1. Considering only protein heavy atoms, what is the solvent-accessible area of Ile543 at a probe of 1.4 Å, reported in Å² to the nearest 10?
2. Can you show me the helix-derived [θ] at 222 nm for the chain, built from DSSP H runs with n ≥ 4 at -39,500 (n - 2.57) apiece and divided by the number of residues, rounded to the nearest 500.
3. Send over a whole-number figure in Å² for the accessible area per residue of the range 245-287, probe 1.4 Å.
4. Step through the residues of the range 58-66 one at a time and calculate ³J(HN,Hα) from phi using the Karplus curve (6.51 cos²θ - 1.76 cosθ + 1.60, θ = phi - 60°), rounding each to whole Hz and writing x for Gly and Pro.
5. Please identify the GluC sites (Glu not before Pro) of the range 146-236 that satisfy two criteria: DSSP loop assignment and at most 12 other Cβ atoms within 10 Å. Which are they?
6. If packing is taken as the average number of other Cβ atoms within 10 Å across a peptide's residues, how do 326-332, 31-37 rank, most packed first?
7. Take the alpha carbon atoms of the range 1-135, find their radius of gyration, then divide it by 2.2 N^0.38 Å using N residues; give the quotient.
8. Simple spin-label model, 7 Å along Cα-to-Cβ: Ser72 to Gln151 in nm?
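The values are calculated or read from the model by the stated rules, or taken from the named source; none is laboratory data. Note that this is a predicted model, so its numbers are computed, not measured. Neighbour counts are summed over all protein chains in view; Cβ atoms, including those assigned to glycine, are modelled from backbone coordinates with ideal geometry. With ligands, DNA and RNA removed, areas are computed over all heavy atoms of the protein, side chains included. Shrake-Rupley method; radii C 1.70, N 1.55, O 1.52, S 1.80 Å.
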Amino acid sequence: MGIDKNPKGKPWDLVVVGGGPVGLSAAMTASAYDLSVLVLEKGEVCGSEVRAETVSPDPVITKIWGSSFLDSSLVISSQNRLLMHSPGDQKQDEGVMLETPHSYHWEQFIGRMTSQLLSKQNVMISLKTAVKKAVLPEKQGGAVEAVETSQGTVYGRTFLDCSGHKTVIGRQKGIGLDYSQIVDPIVKARYSGYPYQKDSRFHFFFITAGLIRPQSPPCVVVLFPNAKGEVEVGCQFFSSYGPKGVRTPSDPPYTDEFLISYYQDIKKNAPGVSTLLSGLTMQIEYLTGMPAKKMISKPMILPGLALCGDAAGFMDPNTNSGIITGMKSAVYWAEAAKNAAVDRVKWNDKIADGYNDRLKELEFYKNLRASHLRVSMAKSIVYGMWRTADMLNLNWKTVMNMYDMNAKSDAMKVDEDEYTKMEWTEQQSVINAILCGLIVGQLEETKVIRFLGITKKKLDNNAWELFAAGLYYDQIFRKFQGDADLQAIFDLLGPVTRVEYALERNSRFLIEKYVDKESVRAATVSQAGDLLSVMFNQRPLLINGQKKVLEICSVVKSNKPEEEFREMITELGGKSAVLGYISNPQVKSEMEKLLG
């Protein structure tokens with residue numbers, strides 16, 4: 001049987017170009033609509049070029065592939081900590097990841113998709129089938145009805161190009177999209193022998209233009225380790241920039257040979273990077289592209305022919321991940337193909353424009369566009385204005401604030417339904433991302449309190465303690481202002497939070513206002529001593545303050561070992577020093593009895 005038409009001798013309802021995760025997801029979605037689907041893959045297997053090997057859980061994966069797709073037989077390890085390194089590795093800060101990426105092996109990931117799809121009677125996968133071009137319509141506004149391949153001409157109602165940034169169709173004459181405005185070069189690599197048990201965090205290195213080699217572009221090196229002792233590495237070059245900032249059209253392009261050689265220099269000589277990659281064994285290492293510079297505004301470029309995933313620049317530049325956004329766009333265009341097949345619609349400009357416009361109203365598209373705008377602005381500042389390692393290190397706190405603001409913006413879009421479905425590690429990241437914003441107002445405080453309540457209700461005591469231990473308390477204490485919101489935080493996080501809050505703010509007034517007997521009982525003796533130190537150092541100590549000192553001392557003596565209580569008094573200067581802060585006769589008399 002040939003592939004020119006479906007088994008019934010009619011044009012295929014949907015022809016998918018490219019057998020990567022986005023193309024297979026489009027085919028799987030369309031198969032559920034009972035469409036006849038043909039997948040054209042140029043390689044000997046689907047997903048022949050290895051891509052990213054981490055993916056964050058998302059409802060779209062379950063929607064397409066089922067709830068057990070990302071199970072323990074596929075997922076190697078999961079974690080969500082990211083250490084940010086400034087140029088020259090002079091400064092380090094731990095960043096917030098909203099999601100918990102799962103590490104996997106590409107071959108198994110694609111293999112599982114392929115095996116599920118091959119069980120569908122209405123889907124055919126044609127391997128070793130290279131697409132040469134789309135047959136362009138003869139009339140203006142006409143529909144694409146065929147593509148030419150190495151196995152002959154294929155006819156269909158709707159065509160979806162999921163072949164990635166190297167797309168033949170997107171670059172062909174008559175369409176001719178400029179992918180230099182969409183794609184940055186990137187080295188993808190994987191090495192074994194990484195000490196995951198010592199450090200399982202992701203690492204993100206900023207390398208400024210010219211820092212390692214003259215006339216080189218700025219780049220970032222990202223390391224994603226997994227529990228098998230492997231580390232996936234992405235070295236993304238920002239080809240629009242150089243040592244002088246934004247490059248002009250007259251500047252010669254960075255050649256592949258130069259970038260490959262430059263990456264070898266980075267591995268050997270970049271501070272921090274060279275240490276982490278030293279002594280590892282290479283498994284994979286090659287130069288490819290990252291379509292994170294710009295999105296295509298009209299993905300259905302001709303009636304009946306849409307670009308999807310990387311081919312359309314649908315990669316989130318904030319995370320450098322395109323699998324989830326690509327899957328979401330695949331679902332959208334598979335539904336469009338269903339509508340065209342069921343209604344026997346013949347594509348035209350008006351219908352195509354309608355689908356392009358409706359795509360832009362979807363939440364994932366809006367979020368993706370917002371991410372592009374934010375990252376584009378950040379790059380113009382970091383690589384266009386500051387440029388040098390010295391300037392970037394000088395402004396490192398601002399760089400981290402920009403990163404945190406991006407995370408906060410994304411976190412604030414999470415609604416209660418999404419939050420409830422998340423793992424607690426992801427919930428923790430969402431809350432921390434909100435807290436890291438430069439400004440935390442009433443809207444943010446309300447959302448954090450509501451989310452904390454959802455988590456506490458869901459977790460048992462042990463899990464809740466782990467969750468609470470990973471919260472950014474310093475951000476809560478620094479930015480929460482409203483009395484009602486603080487009381488809610490204290491109720492959720494426990495009585496000792498009152499002590500921690502007052503100590504963080506170093507405020508006698510807050511000790512008097514919020515610290516009570518229950519919170520002192522929950523605190524350590526050391527924390528109780530710190531409370532008293534704050535009280536004594538912020539005089540005059542009025543009657544309410546003196547009573548609070550007596551209360552703290554009474555609780556410690558009644559609830560903690562006697563020797564620890566005596567040690568606390570000694571560290572405060574001894575009995576006479578403590579009594580010296582008390583002027584009220586009644587309080588002083590009671591304190592003398594207490595101290596003995």
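1. Spelled out: Ile543, probe radius 1.4 Å, area about 70 Å².
2. Details: 25 runs with 267 residues, N = 596.
About -13500 deg cm²/dmol.
3. 59 Å²
4. My calculation for the range 58-66 gives 8, x, 5, 5, 5, 4, 8, 10, x Hz in order.
5. Numbers: sites: Glu148, Glu230, Glu232; in loops: none.
Those that pass, being in a loop and sparsely packed, number zero.
6. On the way: 326-332: 26.0, 31-37: 19.7.
So the order, starting with the most tightly packed, is 326-332, 31-37.
7. Details: Rg = 18.6 Å, N = 135, 2.2 N^0.38 = 14.2 Å.
Its radius of gyration relative to the 2.2 N^0.38 Å reference: 1.31.
8. Placing both labels 7 Å beyond Cα along the Cβ direction yields 3.9 nm.
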